[in-house]
Amino acid sequence: MKNSPSIEEQKEIHHKMMLTRRLEETLGDLAKEGKTRGPLHRCDGQEAVGVAACAALMAEDYVCTTHRGHHVYIGKGMEPRRIVAEIMGKATGYCGGRGGHMLLGDASTGMLGGNAIVGAGIPAATGMALSAQVLKEDRVAMAVFGDGAAQTGICHEAMNMAGLWKLPVIFLLENNQYGLTVRQNRQSPVTDLHIRAEGYGMPGLAIDGNDVTAVYQAVATAAERARRGEGPTLVEAKTYRVEGFSTSDQGGYQDEAEIAPWRARDPLKLSGATLAEAIGADAVAAIEAEARDEIAAAFEQAFADPLPAYSYHQPSSAYAEV
């Protein structure tokens, strides 16, 4: 596998990043209008991590992600129309409208689930890597998790096991600087979380999580290493959560002076500028317009789709008499 995306791959990555951005923005607007159910966890500003990382994997590879995983869903090839339908609780969604936005999965794409439990995807991906090793399959598993999950015991247990058994797993730590409302420097005594990799006998590196090429190269290199039987890698992608923890977050703890530099380095702006040098600004604008139209059509269809069918079962006579 080559370790840099081709122009065609860059175009696809940019398209999927724009799909994700418009998905998040539309969900945010609908939440304000009271047209969504429950809190939604947006990943605005983090699109490059999930999309470019998945682009560096093979279709057969496994991925687990977090409660903030829309970019990973789209990056791994799930259809926006069915993602939106699931989020809106419609029968045409990936889980029949019963999973919601945190629990989407699609085995046909290797996307084996988001997870509402912080850190729970890490041991799941490690187990998938173990299965691939035992079955001698040419598959890699990737766990996408945040800086908050990096502080959990199950994270360290999984990394210890992966390092010991040289499992083909990539630990992609999406450091968006906040766990809930708490800055990362209030959660950990070390600034660079990837240095923990040394304690588990695996390479660890930090990358610019807003740079598509940096993310792609790091994950592609880690995947190659895993396929050679050399074990896991911890990649810390440094990015930023420009929105609140969820749509129910009242905010107030992120200073605008802190957010501004990250907005200036918006991954879509960076990707668009790089791509424009190769294919021209008009071609980039066309890619973005197509993505906006696709998301608009996905929401239009989702609103028209049916809700899941529910049935009420009468208790058996034995229980009815109790």
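The values are calculated or read from the model by the stated rules, or taken from the named source; none is laboratory data. This is a predicted model, so every value here is computed, not measured. With ideal geometry, Cβ positions are generated from the backbone for all residues, glycine too; neighbour counts draw on all protein chains shown. Protein only, heavy atoms only, side chains kept; ligands, DNA and RNA dropped before computing areas. Shrake-Rupley method; radii C 1.70, N 1.55, O 1.52, S 1.80 Å.
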Does segment 30-48 hold any residues that are in contact with a His (Cβ under 7 Å, 6 or more places away or on another chain) and buried (at least 24 other Cβ atoms within 10 Å of the Cβ), and which are they?
Cys43, Gln46, Glu47
Index of the failed condition, Met128 passing every other in (1) among the hydrophobic types (A, V, I, L, M, F, W, C); (2) in a helix (DSSP H, G or I); (3) without any contact (Cβ under 8 Å) to a residue 40 or more places away in the chain:
(3)
Taking segment 249-292 as the region of interest, how many residues are over 20 Å from the mean Cα position of the chain (by Cα) and among the hydroxyl-bearing types (Ser, Thr, Tyr)?
2
Which condition breaks for Gly77 when tested against (1) open to solvent by 30 Å² or more (accessible area, probe 1.4 Å); (2) closer than 18 Å to Arg37 by Cβ; (3) in a loop (DSSP other than H, G, I, E, B)?
(2)
Within segment 280-288, identify whether any single residue is surrounded by fewer than 16 Cβ atoms within 10 Å (Cβ to Cβ), of a type outside the set (A, V, I, L, M) and at negative phi, and answer yes or no.
yes
Give segment 116-130 a look and list any residue that's out of contact with any Phe, Trp or Tyr (no Cβ under 8 Å at 6 or more places or on another chain) and crowded, with 24+ Cβ neighbours inside 10 Å, or say none.
Thr126
Confirm whether Glu12 is open to solvent by 20 Å² or more (accessible area, probe 1.4 Å), more than 15 Å from Val84 (Cβ to Cβ) and assigned to a helix (DSSP H, G or I).
yes
Open to solvent by 10 Å² or more (accessible area, probe 1.4 Å) and either within 21 Å of Phe299 (Cβ to Cβ) or touching a helix residue (DSSP H, G or I) at 6+ places or on another chain (Cβ under 9 Å) (or both): does that describe Met18?
yes
Got at least one residue in segment 275-287 being closer than 21 Å to Asn210 by Cα, touching a residue at least 40 places away in the same chain (Cβ under 8 Å) and not in a helix (DSSP H, G or I)?
no
Conditions first: (1) crowded, with 24+ Cβ neighbours inside 10 Å; (2) of a type in the set (D, E, K, R); (3) touching a Phe, Trp or Tyr at 6+ places or on another chain (Cβ under 8 Å). Arg68 passes all but one, so which condition is the exception?
(3)
What's the number of the only condition in (1) more than 11 Å from Ala150 (Cα to Cα); (2) out of contact with any helix residue (DSSP H, G or I) (no Cβ under 8 Å at 6 or more places or on another chain) that His194 fails to meet?
(1)
Quick check on Thr92: is it under 12 Å from the mean Cα position of the chain (by Cα), in a loop (DSSP other than H, G, I, E, B) and touching a residue at least 24 places away in the same chain (Cβ under 8 Å)?
no
